[in-house]
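The values are calculated or read from the model by the stated rules, or taken from the named source; none is laboratory data. Here the structure is a predicted model, which means the values were calculated and not measured. As a convention, Cβ positions derive from the backbone with ideal geometry for all residues, glycine included, and neighbour counts pool all protein chains shown. With ligands, DNA and RNA removed, areas are computed over all heavy atoms of the protein, side chains included. Shrake-Rupley method; radii C 1.70, N 1.55, O 1.52, S 1.80 Å.
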Amino acid sequence: MRPIRREEPFPQLRKALTADCRCCRGLCCAALYRARTEGFPADLPPGRPCPHLDGEYRCAIHGQLTARGLHGCTAYDCLGAGQRAATSPADWRRDPEEKERLFARFLSLTALHQMLWYLAEAAALLPARSLWEGAQQLIGECWSLGEGDVPLDAALVERQRTRVNQLLRPAHELTLAAVGGRPSPRRSADCSGRQFRGAPLRGRDFSMSLLLGADLSGCDLWGSSFLGADLRGADLRGADLRGSIFLTPIQLGAARGDGQTRLPPFLSRPASWDPSPQHDGPR
Ligand code: SF4
Ligand code: SF4
């Protein structure tokens, strides 16, 4: 099996894109829109803290999240945006101006860190080596845009997202082609509930697909792309994802896996796959 990635080119960046809830102030539990139907405790508009967020910015029901069916909480991952935003000692619960600034900055950083995650992947894919220089340049730009402590103009973030997407698309296509796959002619294919169990799915383009509850257990997914796919409830037990591309922690956290699921080296096994309640999500 030919390697699909070079050795991690930006290990420090990968580290910075790892959520560290101990250095955060419960931002995802207050700043984001959360819906009960998506596995959060209630319908909560952006800016309204979850009633379970305690005085230390910790989740008071951490350890019961799975038992309570709060899979939105266990799956969420900010890719390091939370601790990067929460550098000020000011308490957003007592300071409305700080709250507005901090939450807006967190949302900007969430978007930028998602772009950085995908760019780090593009910069490592061997079939996309012609794009490595461009990816590196965009990584520098995205990181710089997140410096300072003011929120970013939304239009600026969108322009950056467009530029990043213009690089990700060919990176995805080059990699699929190298493993004998090809881009799917249908965007947003609905594969929800499909039974792929054990099938060889090398080079399969699942980008932007709905894979809700799909059975991918035991599948060989080398070179398959999950760019923007919705994997909520998908069964990844025993699947080989080592060579899958554009997977994110939040996709894995929303799916089901087990000790036999094989992952790319830069992705950790989600805590939510552990049946022990002590390991119930990051917060
Ligand atoms: S996952 Fe939530 S609590 Fe943890 S670092 Fe990110 S925003 Fe903060
Ligand atoms: S992790 Fe806990 S505090 Fe955060 S939204 Fe979920 S239940 Fe609320």
Pick from region 138-157, criterion of a type in the set (D, E) and closer than 19 Å to A120 by Cα, ranking: least open to solvent (accessible area, probe 1.4 Å)
E141
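Condition (residue is among the β-branched types (V, I, T) and out of contact with any helix residue (DSSP H, G or I) (no Cβ under 6 Å at 6 or more places or on another chain)) applied to region 135-144: is it met by at least one residue? Give the derivation first.
Start the filter on region 135-144 by keeping residues that are among the β-branched types (V, I, T), which leaves 139.
Right, trim to out of contact with any helix residue (DSSP H, G or I) (no Cβ under 6 Å at 6 or more places or on another chain) and you get none.
No; the residues of region 135-144 include none that is among the β-branched types (V, I, T) and out of contact with any helix residue (DSSP H, G or I) (no Cβ under 6 Å at 6 or more places or on another chain).
Can you list the helices (runs of 4 or more DSSP H) found entirely within region 73-185 that contain at least 2 residues being away from ligand 1 (no atom under 16 Å from the Cβ) and under 20 Å from the mean Cα position of the chain (by Cα)?
On the way: elements: 81-85, 96-122, 132-145, 154-178.
Qualifying helices (runs of 4 or more DSSP H): 96-122, 132-145, 154-178.
Looking at A19, is it within 14 Å of ligand 1 (Cβ to nearest atom), open to solvent by less than 30 Å² (accessible area, probe 1.4 Å), under 22 Å from W143 (Cα atoms) and not polar (S, T, N, Q)?
no
Table: residues versus (1) within 11 Å of ligand 2 (Cβ to nearest atom); (2) of a type in the set (A, V, I, L, M, F, W, C); (3) farther than 30 Å from L138 by Cα.
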site: G39; (1), (2), (3): yes, no, yes
site: D43; (1), (2), (3): no, no, yes
site: Q64; (1), (2), (3): yes, no, yes
site: R68; (1), (2), (3): yes, no, yes
site: A75; (1), (2), (3): yes, yes, no
Residue satisfying all of: in region 77-109; open to solvent by 40 Å² or more (accessible area, probe 1.4 Å) and closer than 23 Å to L227 by Cα; farthest from ligand 2 (Cβ to nearest atom) among these
L107
